[in-house]
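The structure appears right after this line, and notes come after that.
FYI, it's all coordinate maths here, none of it is from the lab. This structure is a prediction, so every number in the text was calculated from the model and none was measured. Neighbour counts run over all protein chains shown; Cβ positions are idealised from the backbone, glycine included.
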Amino acid sequence: MSIDIKTILIIEDNKLNLKLIRTILLISNYKVLEAESAEEGFQLLKEHTPDIILMDIQLPGMDGLTATRRLKATEAYKDVPIIALTAKAMEGDEEKAKAAGCDGYIIKPINTRGFISTLNNFIQDSIFSDNQKKIAFNPEDLNISGTLEHRINIDDDTFSQRRKILIVDDEHLTVAMIERQLKIYSYDILSAYCGEDALEIAKTQLPDLIILDIMMPGIDGFEVTRAIRADSNTADIPIILITALDSKEDRIRGINIGADDFLNKPIMFEELLARVRSLIRLRAFQEQVKVYKNIKQSFYPPDCAIQSAPQSDDEELLLIIRQSDEPDPLIDQWIKETPFTIIQPKNIEKAISLINNKFISVALIDNSISKKDVHYLCQRVRSVPHQKNTQVILISASEDLNLYIEDDIQCPDDFIIKPFKAIELNARLKTMIKKKKRMDSMSNRFENALHAAMTDPLTTLYNKKYFLHFLEKEVQRVKRHKTPLSIMMIDIDDFKTINDQYGHLIGDIILKDTARLINNNIREVDMASRFGGEEFTVVLPYADEDGALVVGERLRSVIDNYIFDYPGSDVNYHITVSIGIVSCQNDPGDANTMIQIVDDMMYKSKQNGKNQITIKRMDDESLPNE
Ligand code: GH3
Ligand code: MG
C-alpha cells in the first residue's frame, strides 16, 4: 500500500484564516478539503475521509465543540484526530476542547512557521488504520437534515491536474519515443522539431516543462533556453537539456544559462521520468508560491520580501545511505575526491535520525539496501517538514529502475547508474543542490514575509496593517448582513513614566504581558492587535454596545488588578488603561470613521481621569454630524 498525500479537512468560517491555512497546507503537499460550517463539513465527510480535521470552535450554526462531540460519537470518525482552532486562548478553552474530544488545539493567528510541524505531530501520533477509514459513514448518525452543496477547493488540483510537457528535438523518432512513454503517465505532450517552433509553442501554450535537445539546426537548445529565460512569461518554466554523453562543457554552459537538468542520449526512460516528476513538483510548488504571494499582497504592500540568507555550496550536507558491510570501491573513491561534505550513517535508524535532525541537501541511497527501505527513506525524507525540498538520488547497478518508479511520493528524484563517472555525479549533485536551494529560498521567503506581514514582533499580536485589513472586511460584512460590530482602543496610562522610571526593557516586558492579558480575555471571534506603541485595538464582531462594554470592563479591571512581578526585580509594577469603544448596529460608515471615533472616545477617557471606558454608539442618524 502506498503512502498517499495526507488529506486535511478545515472547518473554518473566517475566509482569510481559511485561505492562509489552505495555502500553507498546499505548499507542504497536503490535500485540502474545506467547509465554512460544521454542516458543510459533515457533507464532505460523506464522500471523503480526511487524515485530520482542523475545527474552528466558533462557527455559525452548529459550533465546533458540538460538531466534535458528534464526530467522536460516530463509529466511522471517532479515530480521526480533530484539532481545535481557537481564535484566542480564552482561559478554559483548552479544557473545553479536550472535554469535547478534540485531540489538540492550535491558537490563531496560526504561527505560519510552526504550523506544519505541529500538524505532523498529530498525524504521526494518530493510529488511524486504513480498515477504520473504510467503515461506511452514515450521515444519519450526525443528525443532519437538508442538503448542502459540497465543494473541494480548486487549488488542490495543482497536484492532480494534467501537466503539459513540450518535447523539442529535430529527430522525429526521439520526440515520438519520449511522447509515447510520457503519455502512459498521463502527461499532455506538445512537440516541436526546431527551435523557432519551440519558442512559439512555449509562449502560447506555457507548458509546465520543456525537454530540449541541444543540437538542432537553426536556433539550438542553448539559444532557446536563453530566450525562454529572458521572457518573463516563460522564465519559470523548468527546462531539461538533452546532451551527448560526456559533454561536460555543454552541461556547464547549460547551467549557466539557466537549464534545470540534463539527460544523456540515448535517453533512459527511468531517468527521464524521475527528472520530469521532480521538475513538475518544482513547478507545482512555484504555482503555490504565487497563491501565497497573492494572499500576502491582499493585506500588505509588496515591499516586504525578506531575503533568505545565501548559503554557499560548501555548507551543503549530503547523506549517503548504503549497506555498511559491503565495501564499494567506486563509491569509496568518489567520497574521497568529491568536493561535497558527506555524512554516512551506519544503518537505516541512524539515517532517519539524521533526516529528522539535520539539514540535508541531497540524500544518496545505494541500492545495496532493500527496495522496501529505499521507498521508506524517500517517503521519510518527504514527510519531514524541513527536508521537504531535499533531493533523493538512487545509485543503482541495475538497469531495472522501473522497480522504483511506481509511486510518485516514494520515488527518488533521480537515478545514477553504476558504474558512474565521478565528474558526472558531481555535476548532477550541483544541479540538484541548486534546485533545492531555489525551492528553499522561495518557501522561506514567503513564510517569513507572510508571518512578518501579519504580526507585531514584540507582542505577537496582529499588527496595525492586518487590523486595518481585518476591520475593512468586517465593515463590509456588517453592511451586507446588518449585524452589530464594535471596536475598542486601549491605551496604557502614563506609560512614559514606567519607561522613565524602570527603563525600556521593563517597558517592553509590560507591553508584552498587557498584550497577553488582552488576548486571554476576549472572545474567540474577537481580534486584538497592536495599533502603535502602547496602544491596542480589539475588533469585536457581532458585539453590540452592551456586549462591548462587558468586554471593555473585563479588560480594564483585569489589567487594573494585575501585578506585573518579574523574577530578579523586587518592584511590583501596576498599570491602568484608558479605553474607547465605538459600536454600530447596522451601518458602520467606513473603517476610517470608526477608527477616528474610537480614538476620540479613548481620549475622552484620558481627559476624564484615565482608567475608564468611554463608549459611543454610531448609528445612521449620528454619522454625518460626527
Ligand atoms: P497617557 O496616559 O496620556 O497615555 O500617557 P503616556 O505616557 O502613556 O503616553 P505618551 O504618549 O506620552 O507616551 C507613550 C510612551 O510609550 C512613550 C514611549 O516611549 C512608550 N512606548 C511606545 N512604544 C514603546 C515600546 O515598544 N516599548 C517601550 N518600552 N515603550 C514604548
Ligand atoms: Mg499612553
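Worth pointing out:
- Straight-distance crosslink candidates among lysines, where the alpha carbon sits under 19 Å from Lys78 and sequence neighbours closer than 8 are dropped: Lys6, Lys46, Lys96, Lys98, Lys133, Lys134
- Segment 176-218-segment 524-575 distance, computed between alpha-carbon centres (Å): 62
- 14 Å cut-off, amide nitrogen to a point 7 angstrom out along Asn592 Cα→Cβ, residues in segment 502-544: none
- Applying 1/(1 + (r/R0)^6) with R0 = 56 Å to the Cβ-Cβ distance of Tyr376 and Asn256 gives a FRET efficiency near 0.90.
- Each residue of segment 213-228 was assigned a 3J(HN,Hα) from its phi angle through the Karplus expression (A = 6.51, B = -1.76, C = 1.60, θ = phi - 60°), giving 6, 7, 7, 9, x, x, 5, 8, x, 4, 5, 4, 4, 4, 5, 5 Hz with x at Gly and Pro.
- Nearby lysines by direct alpha-carbon distance to Lys434 (threshold 16 angstrom, same-chain neighbours under 8 apart not counted): Lys388
- Placed amide H near Leu190: partners under 5 Å, 5+ positions off or other chain: Ile165, Leu166, Ile167
- Pairs of alpha carbons in segment 546-609 whose separation is greater than 18 Å (percent): 52
- Cβ-based charge dipole, segment 313-397, positive-most Cα from Ser383, Pro345, Ala363: Ser383
- Inter-probe distance in nm under a simple model that places probes 7 Å from Cα toward Cβ, at Leu173 and Thr483: 6.9
- Distant-in-sequence amide contacts of Ile395, defined by a placed amide H-H separation under 5 Å and a gap of 5 or more residues or a different chain, comprise Ile365, Asp366, Asn367, Ile416.
- Converting phi to 3J(HN,Hα) with the Karplus coefficients 6.51, -1.76 and 1.60 and the offset θ = phi - 60°, segment 383-392 yields 8, 8, x, 6, 10, 4, 9, 5, 8, 10 Hz in sequence order, with x at every glycine or proline.
- Of the peptides 178-186, 353-361, the order by per-residue mean of other Cβ atoms within 10 Å, starting with the highest, comes out as 353-361, 178-186.
- Prolate/oblate/rounded call for segment 464-624, Cα gyration tensor, a/c under 1.5 rounded: prolate
- Packing around the peptides 275-283, 457-465, taken as the average count of other Cβ atoms within 10 Å per residue, puts them in this order, highest first: 275-283, 457-465.
- Protection proxy ranking for 525-537, 542-554, using the average of other Cβ atoms within 10 Å per residue and placing the highest first: 525-537, 542-554.
- Given Lys183/Lys203; Lys265/Lys421; Lys15/Lys436; Lys265/Lys372, the pairs whose alpha carbons are separated by over 24 Å: Lys15/Lys436; Lys265/Lys372
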